[in-house]
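Taking it in order: structure first as structure tokens, then the write-up.
The values are calculated or read from the model by the stated rules, or taken from the named source; none is laboratory data. This structure is a prediction, so every number in the text was calculated from the model and none was measured. Cβ: placed from backbone, ideal geometry, glycine included. Neighbour counts: every protein chain shown. Keep in mind that these areas ignore ligands, DNA and RNA; they rest on the heavy atoms of the full protein, side chains included. Shrake-Rupley method; radii C 1.70, N 1.55, O 1.52, S 1.80 Å.
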Amino acid sequence: MPLYDTHQIKIYNTLSGEKEVFKPITAGYIGMYVCGPTVYSNVHLGNVRTFMSFDMIFRYFKHLGYKVRYVRNITDAGHLENDADIGEDKITKKARLEAIEPMEIVQRYTVDFHNVLNTFNFLPPSIEPTATGHIIEQIELIEAIIDNGFAYVVNGSVYFDVHKYNESNEYGILSKRKLEDLIHNTRALDGQSDKKNPQDFALWKKAEPTHIMRWPSPWSDGFPGWHLECTAMSTKYLGEYFDIHGGGMDLKFPHHECEIAQNQAAKGQDPVKYWMHANMLELNGARMSKSTGNYINPAELLSGDNDVLSKAYNPSVIRFFMMQASYKSVLDLTDDGLQAAEKGFNRLMDAISLIDNLKSSSTSTFNVSEWKQKCYDAMNDDFNTPILIANLFDAVKFINQTKDGSASITSEDLELLKTSIESFAFEILGLVNVSKESSGSDKLADAVEILINLRKEARVNKDFALSDKIRDELAEAGIQLNDSREGTTFTTN
């Protein structure tokens, strides 16, 4: 019997604003779509947190025995800079600045995206479709919306008529916004737009002569609107009604709101049963922003080559840090928080490494079955990883007590504890036991640390020639030592 038969999950559904018992549309099967990156720059750390949340959810569904089709798209057509309607195409802009083909930009940053996610031990999605690979489906969707009277064509561009749609549907049903309020808070059109109303959004844009990425359509040579691609790809691979649509909180409006409107206008129904949104990642109590300098990218976080944090952190430490907060909560990335997470992660890994050497006894002073159920209860309650981790540390305390001889465990409970804690830590949370699986980079760090200590000793002994030699030869090998009041760290070139 699959585990999902005995585990009832509750999910917070953004559409209803409540936790709901999760019942897949088809028993034993789950269709899940998550909005992926627009590949015009290195992946943002906040995006990594969103994708990590859904990676954890994907992992838990698979652990319970569900057959999951997880679709996460790549936006490689490049939406415009202002609600997908005006401004310059982000990918075209980057290509123009670097004087290369747009698809070179797409390739470069798609590879970066995959490399970063692999570093954090993500499972790959079942399908990773691209916007440019589904232009035909998007054109067909636009034609259906026009045929049903919810879109209009002006000068080769096609716009969704939000006011017309709202006469028979509710625009704002997901974000809990009212069209009347949107109208009140919107500037009047300046006469330069083809839109009937400011709230209307582009389904297809006619390309200007200088626009590089363009495709033929019944209306013009142009390109699809940003919101359209996810509607086309999600329903193509998951059906016209599927279980879960996820993404970052920032996508709830207008992107996901427009997805609902498009699908209702084309097919007469909301395509999604459960809408899920992961919350934002802050840095030192403020919004991450390149313009203010309050920003760090994944590579800088992993290498320690930044002015924000005191050191480099292992990918699993960062993952453990992010799992300590609910996916629905704003998470503040701080040096203190990462250092505390590092200590906690090491305690957990050390305890797991001790299990194989524990001696069994005739009695158990820890109810392993009850503890295991508490772990499942946490995950079943809207994927409550903070409570799961608290329960894991109850087991850590017991493992250390057993090692010291102040607690005992039977051989049967010992095996159950081992398999359970490893499942929750590695299979579900996606952590990697770096103490057991030391990578080449870890071994490099250990070797450089030895040389740093030798250099420190040389400097104490005033042997500055040896100290400089260690520094210079490491630099020639591509390893840069960085001295500060807190000590010496290193980065690799």
Scanning the range 322-339 for residues that are within 14 Å of the chain's Cα centre (by Cα) and part of a helix (DSSP H, G or I) gives 322, 323
If we ask which residues in the range 237-254 are among the acidic types (Asp, Glu) and surrounded by fewer than 20 Cβ atoms within 10 Å (Cβ to Cβ), their number turns out to be 2
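Out of the residues in the range 255-282 meeting the condition of being crowded, with 18+ Cβ neighbours inside 10 Å and free of Cβ contacts under 8 Å to residues at least 60 places away in the same chain, tell me which one is farthest from residue 229 (Cα to Cα). Steps first, answer last, please.
Going residue by residue through the range 255-282, those that are crowded, with 18+ Cβ neighbours inside 10 Å are 255-266, 270-279, 281.
So of that shortlist, the ones also free of Cβ contacts under 8 Å to residues at least 60 places away in the same chain come out as 259, 263, 271, 279.
Working: 259: 9, 263: 11, 271: 14, 279: 23 Å.
By that ranking, first place goes to 279.
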Residues of the range 235-291 being closer than 18 Å to residue 50 by Cα, among the aromatic types (Phe, Trp, Tyr) and out of contact with any helix residue (DSSP H, G or I) (no Cβ under 8 Å at 6 or more places or on another chain), in sequence order, are 253, 274
Just to be sure, is residue 183 farther than 25 Å from residue 43 by Cβ, assigned to a helix (DSSP H, G or I) and open to solvent by less than 20 Å² (accessible area, probe 1.4 Å)?
no
- prompt: For the range 252-268, does any single residue satisfy the condition of being more than 30 Å from residue 137 (Cα to Cα) and not β-branched (Val, Ile, Thr)?
  reply: no
Taking the range 218-236 and keeping residues crowded, with 21+ Cβ neighbours inside 10 Å and outside any helix (DSSP H, G or I) leaves 222, 223, 224, 225
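Yes or no: residue 171 under 19 Å from residue 263 (Cα atoms) and touching a strand residue (DSSP E or B) at 6+ places or on another chain (Cβ under 9 Å)? Please lay out each step first, then the result.
On the way: under 19 Å from residue 263 (Cα atoms): yes; touching a strand residue (DSSP E or B) at 6+ places or on another chain (Cβ under 9 Å): no.
No; evaluated as a whole, the condition is false for this residue.
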Of the residues in the range 20-37 that are open to solvent by 30 Å² or more (accessible area, probe 1.4 Å) and part of a strand (DSSP E or B), the one that is nearest to residue 380 (Cα to Cα) is 21
Within the range 341-354, restricting to residues that are aliphatic (A, V, I, L, M) and out of contact with any Ser or Thr (no Cβ under 9 Å at 6 or more places or on another chain), the one that is surrounded by the most Cβ atoms within 10 Å (Cβ to Cβ) is 348
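Looking only at the range 12-50, which residues are among the charged types (D, E, K, R) and over 16 Å from the mean Cα position of the chain (by Cα)? Please lay out each step first, then the result.
Of the residues in the range 12-50, the ones among the charged types (D, E, K, R) are 18-20, 23, 49.
Listed by number, the residues that qualify are 18, 19, 20, 23.
Where in the range 49-157 are there helices (runs of 4 or more DSSP H), lying fully within it, with 1 or more residues that are at pLDDT 95 or above? Don't jump to the end; show me each part of the working.
Details: elements: 90-98, 102-119, 135-147.
Of the helices (runs of 4 or more DSSP H) lying wholly inside the range 49-157, those with at least 1 residues that are at pLDDT 95 or above span 102-119, 135-147.
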Reported set for the range 463-488 where residues are in contact (Cβ under 8 Å) with a residue 12 or more places away in the chain and open to solvent by 100 Å² or more (accessible area, probe 1.4 Å) is 486
Expected output for the range 283-295 (first residue farther than 20 Å from residue 305 by Cβ, partner at pLDDT 75 or above and outside any loop (DSSP other than H, G, I, E, B), Cβ below 6 Å, 6+ apart or cross-chain) is 285/332; 286/294
Those residues of the range 414-462 that are open to solvent by 20 Å² or more (accessible area, probe 1.4 Å), closer than 21 Å to residue 63 by Cβ and modelled with pLDDT of 95 or more come to a total of 9
Exercise for review: Could you tell me whether the range 396-412 includes any residue that is within 25 Å of residue 59 (Cβ to Cβ) and open to solvent by 70 Å² or more (accessible area, probe 1.4 Å)?
Suggested key: no
